[in-house]
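The next block holds one structure in the form of structure tokens; read it before the comments.
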Amino acid sequence: MKQYILGAMLAALTITISAQVKNTKQATEKNMAGYVMVYHKDADHGLHMAYSWDGYKWTALNNDKPIMAGDTIAVQKGIRDPYIFRAPDGMFCVAMTDLHVFGKRDGVRTTEWERDGKKYDWGNNRGLVLLRSADLIHWQRTNLDFSSLTCATGVMDVDGEPMPWSEVGCVWAPEMIATDDGRILMHFTTRFQRGRNHIRYVLMSDDFTHMTSEPQVLVTGPKDSEGNITKHIIDSDITRFGGKYHLFCTEHGQPKHAVSNNLTGPYTFIPFNDGVSQSHEAPMLWKRIGEQKWVLMQDRYTLDPHNFYFVETTDLEHFTPLGYFDDGRSPFTRTNFTEQKHGAVIQVTKKELKRLIKFWNQ
């Protein structure tokens, strides 16, 4: 076990799990042959993984049991909102919310929330869980605690006094994208105390163990005449397409689409319709291998049981509804899992996927 004290900005605990992690060569799309999805489930708050050869028929690894238990990797003994990313150096990175929303129910704490819900609101947490791997099997883990940051937040309390990072109300739904110069930019939902949720970003070290910049505001909901944010924005996803950056997010349960010439903004919201009136969250855009098609996958959190909703696009302007997993009209099916939440998908090579399947079949 190694412990890194990262200056005045952050304390992070980094643990190597099972094997030494080594670099791997970056793969191009022409070498890709299948897909890997990560997701979580409310039933166990662990990290789940599924695979697909064609992007439509999906099978959970480990028979839909967690490939990594939340109580073994998270401070709150549970994870949510996993996102998977192939870094510029070819390594696989996973980022997750360190949060257990049923901690009292499952006996990992005696209170409903980690801290006072009246002060810090629903689902309050302080950090993220990061994983890094060369093979999707052996992982290095880092736990980030944002409440230990000493940099300015830019947020004022009701008395007009600067609010420190120790008053962070949530750090949710991290996602990553590569910058033009090959660095990892991680963006995530946050708020302070019971304030409005908004999106911030940081630059990460190449080994994905610590932040190399201070968190900055990326996008917020609309503001009133006094500059106060009036609506929550959560669950950002960013894709570069056609020389612009496209950001999908959720505003009070409604999917939103924004564009910018620069990765760090400013972003301008444009009209977007996903074809249904139901509330969705956790948008994630992934490309189909060898096709000029992208799939926008969203979490239908109001549906019981939970399900994913899919739309397809060739230009990120027009979107064709493809329905839900196993709804009889959709091409998307599951062989051995249900009630997955907040998923993310990457392309993988034939060798990577066969090795992963073999490992879990053993």
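Can we say ILE177 is surrounded by fewer than 20 Cβ atoms within 10 Å (Cβ to Cβ) and touching a helix residue (DSSP H, G or I) at 6+ places or on another chain (Cβ under 7 Å)?
Against the criterion (surrounded by fewer than 20 Cβ atoms within 10 Å (Cβ to Cβ) and touching a helix residue (DSSP H, G or I) at 6+ places or on another chain (Cβ under 7 Å)), ILE177 does not qualify.
For GLY328, work out the one condition from (1) surrounded by 14 or more Cβ atoms within 10 Å (Cβ to Cβ); (2) part of a loop (DSSP other than H, G, I, E, B); (3) at positive phi it doesn't fulfil.
Here GLY328 meets the rest and fails (1).
Quick one: count up the residues across the stretch 203-242 that are at pLDDT below 95 and over 29 Å from SER147 (Cα atoms).
2
With the requirement that a residue be in a loop (DSSP other than H, G, I, E, B), modelled with pLDDT of 95 or more and not charged (D, E, K, R), what does the stretch 295-317 give you?
Those that are in a loop (DSSP other than H, G, I, E, B), modelled with pLDDT of 95 or more and not charged (D, E, K, R): THR314, LEU316.
Output the residue which, of all residues in the stretch 98-113 that are under 14 Å from ILE79 (Cβ atoms) and out of contact with any strand residue (DSSP E or B) (no Cβ under 9 Å at 6 or more places or on another chain), is surrounded by the most Cβ atoms within 10 Å (Cβ to Cβ).
Filtering first and then ranking leaves GLY103.
Looking at the stretch 243-279, which of its residues are under 21 Å from LEU303 (Cα atoms), free of Cβ contacts under 8 Å to residues at least 40 places away in the same chain, touching a strand residue (DSSP E or B) at 6+ places or on another chain (Cβ under 8 Å) and part of a strand (DSSP E or B)?
Answer for the stretch 243-279, where residues must be under 21 Å from LEU303 (Cα atoms), free of Cβ contacts under 8 Å to residues at least 40 places away in the same chain, touching a strand residue (DSSP E or B) at 6+ places or on another chain (Cβ under 8 Å) and part of a strand (DSSP E or B): THR250, GLU251, LYS256.
How many residues are among the hydroxyl-bearing types (Ser, Thr, Tyr) and in a strand (DSSP E or B) when one looks only at the stretch 214-239?
Here the count works out to 2.
Listed residues GLU317, GLU339, GLU312; which is under 19 Å from the mean Cα position of the chain (by Cα), of a type outside the set (Ser, Thr, Tyr) and surrounded by fewer than 20 Cβ atoms within 10 Å (Cβ to Cβ)?
Unique residue meeting the criteria: GLU339.
Would you check if there is a residue in the stretch 140-162 being over 24 Å from ASP206 (Cα atoms) and surrounded by 16 or more Cβ atoms within 10 Å (Cβ to Cβ)?
Among the residues of the stretch 140-162, at least one is over 24 Å from ASP206 (Cα atoms) and surrounded by 16 or more Cβ atoms within 10 Å (Cβ to Cβ), which makes the answer yes.
The values are calculated or read from the model by the stated rules, or taken from the named source; none is laboratory data. Everything numeric in this text was worked out from a predicted model, so none of it was measured. Cβ sites come from the backbone with ideal geometry, for glycine too, and all protein chains shown count toward neighbours.
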